[in-house]
Amino acid sequence: MKSLIQLPVLSLLAVFVFPGAGYAADYKIGVVNAAKVLEASPQAEAARKKMEKEFATRDSNLVSLQNELKEFEERLVKDGAIMSEAERQRLEREIVNNRRTLKRDTTEFQEDVNFRRNEEMGKIQKKIQAAIEALGKEQSYDMILAQGVVYNSPKVDITDAVIERLQKNSK
């Protein structure tokens, strides 16, 4: 008799404690690995190539300045003892000036690269977001998660579908 009373009580308790448990199978949920999409998207590859081309001249100028500084330093070490005092001081000033210029130019270069990368990544993220939203609407997803997912089953992972959509949109 006691077990007959417990069954309805437990059933009622389950309905109130886990009200959505009976409806979970009715939702269509997808998961996207945003890092994989960003890495595999043709738009990201195009942006990387564009930035490499855009900053190639400045990068080679910095490398030249580094090589010049290295040559001055090697010359000072090698010939410093046989140089006149004035020539040695001039070379030391040149090294200090080149170090200062190199440091300033490197900092400016890094800031400009970071700024442009952020611009390009913002554009790409908008395209990825649009692709995810379009895929979600087309395939009637109720929810698509991108960040904060600790585990997901491969059957809810739609990352490859998003990448395919981005590849189709890039052509």
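The values are calculated or read from the model by the stated rules, or taken from the named source; none is laboratory data. Values in this document were obtained by computation on a predicted structure and should not be read as measured data. Note: ideal-geometry Cβ built from the backbone for every residue, glycine included; neighbour counts use all protein chains shown.
Flag set for residue 10, criterion: modelled with pLDDT under 90 and not in a loop (DSSP other than H, G, I, E, B).
The numbered conditions (1) surrounded by 13 or more Cβ atoms within 10 Å (Cβ to Cβ); (2) closer than 30 Å to residue 59 by Cβ are all true for residue 164 except (2). The single condition from (1) exposed (fewer than 12 other Cβ atoms within 10 Å of the Cβ); (2) under 30 Å from residue 26 (Cα atoms) that residue 158 fails is (1). If the condition is being among the hydrophobic types (A, V, I, L, M, F, W, C), closer than 15 Å to residue 35 by Cα and without any contact (Cβ under 8 Å) to a residue 24 or more places away in the chain, then segment 116-171 contributes only 150.
Here's the yes/no breakdown for (1) within 23 Å of the chain's Cα centre (by Cα); (2) β-branched (Val, Ile, Thr):
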{"position": "91", "(1), (2)": "no, no"}
{"position": "137", "(1), (2)": "no, no"}
{"position": "163", "(1), (2)": "yes, yes"}
{"position": "170", "(1), (2)": "yes, no"}
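For first residues located in segment 53-65 and on the phi < 0 side of the Ramachandran plot and charged (D, E, K, R), partners that are surrounded by 14 or more Cβ atoms within 10 Å (Cβ to Cβ) and in a helix (DSSP H, G or I) and lie 6+ apart or on another chain with Cβ distances below 6 Å form the pairs 58/109. Residues in segment 100-119 include none that are surrounded by fewer than 11 Cβ atoms within 10 Å (Cβ to Cβ), among the β-branched types (Val, Ile, Thr) and not in a helix (DSSP H, G or I).
Checked across segment 143-153, the condition of being in a helix (DSSP H, G or I) and either modelled with pLDDT of 90 or more or closer than 26 Å to residue 27 by Cβ (or both) holds for no residue. Condition check for residue 122 on (1) over 41 Å from the mean Cα position of the chain (by Cα); (2) surrounded by fewer than 11 Cβ atoms within 10 Å (Cβ to Cβ): one failure, at (1).
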